[in-house]
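Enquirer: Can you read through this structure? Questions will come right after.
The values are calculated or read from the model by the stated rules, or taken from the named source; none is laboratory data. Since the model is a prediction, treat every value here as computed from it, not as a measurement. Cβ sites come from the backbone with ideal geometry, for glycine too, and all protein chains shown count toward neighbours.
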Amino acid sequence: MFKLYDIHGPLSAIPEPTAVTVGVFDGVHRGHQDLIKQLSALRSPLSTLVVTLTAHPSFVLGRRDSEYWLDDREEHLRLLFEAGAKYVAVLPFTREVAQLSACAMARLLYDKLNMRALLLGYDSRFGSKQDDNFDRLPLLASELGFTLLRGEPFLFDGTPISSSRIRESLLQGRVDETARLLGRPYSVCGRVAHGRGVGHTLGFPTANIDLSQTRKMLPLEGVYAVKLRPQTSDLRPLTGMANLGPLPTFGIDKPTLEVHLLDFDGDLYGQPVEVQFIQRLRDTVRFDSVEALQHQLQEDLNNCQQICRQDAGAPKQ
């Protein structure tokens with residue numbers, strides 16, 4: 001049932017007693033990071049183990065129509081290890097798993113993952129609500145001999161950080177706020193592909209990013225100051241401005257992500273890259289002429305340069 005990993009890759013079994021926490025951990029935001037830090041504080045003589053679900057329970061149970069992820073699969077594992085997990089157990093979340101009661105889930109963790117401490121998130125329900133024996137967990141903990149604990153919320157501006165709060169900030173284009181909630185800039189990954197050549201004709205050549213392989217939700221359409229990091233070369237992160245969405249001035253309705261890079265004249269075609277969203281500059285609008293668009297793009301470029309200079313000098317989260 002569980003797929004086990006440590007920093008080096010897949011495992012066949014967990015060799016020592018563990019302190020466990022369970023959740024989707026979508027985006028591995030600062031609240032998740034703090035919960036894993038609380039888990040790590042319990043570890044002597046226990047090893048930190050994070051159980052992460054492969055699907056949002058609300059999607060599996062039909063309470064919403066689609067999944068909006070804040071990270072990709074490989075990124076998700078990497079972020080959990082960076083947050084302090086020694087082991088990660090991936091649990092395929094199905095309707096059958098969703099029907100497990102709190103005590104049945106705890107017994108499964110105890111038997112399969114050598115669990116000796118269970119740390120629940122401050123708002124975690126843990127187990128099926130249809131067969132809810134959550135209140136019996138302390139009795140089961142005493143019977144089996146594991147410690148049961150409840151984590152403390154991590155507050156930002158007086159409110160707990162949550163994945164839904166981050167998704168809302170992205171839907172409104174507040175990527176600077178998103179970065180503060182995550183503890184890092186929000187980004188998407190894709191390969192640089194040949195585009196339509198529109199940017200080149202305007203004097204602002206762009207790298208067209210193919211996002212077909214990412215599961216991550218995108219911010220609100222618009223023009224953004226960004227940083228682009230090539231993933232297979234030693235190039236430093238490159239500053240740029242990006243258009244996310246259609247190109248209405250040219251009658252192009254299909255959403256695209258096109259990045260104009262500042263002070264770069266190389267060839268990135270075919271390379272996998274990461275695009276980090278730094279700040280939203282404006283809406284995508286239709287201009288009456290190409291000249292008006294070119295004038296606006298130059299203004300965007302000037303704003304982008306100033307924003308990225310400020311971001312480079314800002315203290316890291």
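Enquirer: As an exercise: evaluate LEU100 against (1) under 29 Å from GLY190 (Cβ atoms); (2) of a type outside the set (Lys, Arg); (3) modelled with pLDDT under 95 and give the number of the one condition it does not meet.
Expert: (1)
Enquirer: Among the residues of the range 299-309, are any closer than 22 Å to HIS194 by Cβ and touching a residue at least 12 places away in the same chain (Cβ under 8 Å)?
Expert: Checking the range 299-309: not a single residue is closer than 22 Å to HIS194 by Cβ and touching a residue at least 12 places away in the same chain (Cβ under 8 Å).
Enquirer: Specify which of the listed residues (VAL51, VAL88, VAL28) is aliphatic (A, V, I, L, M), modelled with pLDDT of 95 or more and closer than 21 Å to VAL175 by Cβ.
Expert: After applying the criteria, what remains is VAL28.
Enquirer: While we're looking at this one, here's another question. So the check is Cβ under 9 Å with 6+ separation or different chains; which pairs have a first residue in the range 96-117 that's at negative phi and a second one that's hydroxyl-bearing (Ser, Thr, Tyr) and assigned to a strand (DSSP E or B)?
Expert: Here the result reads LEU109/THR18; LEU113/THR18; LEU113/TYR87; MET115/THR18; ARG116/THR18; ARG116/THR147; ALA117/THR18; ALA117/THR147, each pair linking the range 96-117 to a residue that is hydroxyl-bearing (Ser, Thr, Tyr) and assigned to a strand (DSSP E or B).
Enquirer: Given the conditions (1) within 20 Å of ASP176 (Cα to Cα); (2) at pLDDT 90 or above; (3) not charged (D, E, K, R), and given that GLN271 satisfies all but one, which numbered condition is not satisfied?
Expert: Evaluating GLN271 over (1) within 20 Å of ASP176 (Cα to Cα); (2) at pLDDT 90 or above; (3) not charged (D, E, K, R) leaves (1) as the failure.
For (1) in a helix (DSSP H, G or I); (2) among the hydrophobic types (A, V, I, L, M, F, W, C); (3) at pLDDT below 80, each residue gets a yes or a no:
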| site | (1), (2), (3) |
| --- | --- |
| GLY190 | no, no, no |
| MET241 | no, yes, no |
| ASP265 | no, no, yes |
| PHE277 | no, yes, no |
| LEU281 | no, yes, no |
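Enquirer: Follow-up question, since we're still on this one. Considering each residue of the range 134-174, count those that are surrounded by 15 or more Cβ atoms within 10 Å (Cβ to Cβ), in a helix (DSSP H, G or I) and among the small types (Gly, Ala, Ser), and give that number.
Expert: 3
Enquirer: Of the residues that sit in the range 65-76 and are loosely packed, with under 11 Cβ neighbours inside 10 Å and either assigned to a loop (DSSP other than H, G, I, E, B) or of a type in the set (Gly, Ala, Ser) (or both), which one is modelled with the lowest pLDDT?
Expert: ASP65
Enquirer: Note down all Cβ pairs under 8 Å where the first residue falls in the range 261-279 and is at negative phi, the second is exposed (fewer than 11 other Cβ atoms within 10 Å of the Cβ) and of a type in the set (Val, Ile, Thr), and they're at least six residues apart or on different chains.
Expert: GLN271/THR232; PRO272/THR232
Enquirer: Which of the residues spanning the range 14-60 are in a strand (DSSP E or B) and under 20 Å from ARG215 (Cα atoms)?
Expert: GLY23, THR52, LEU53
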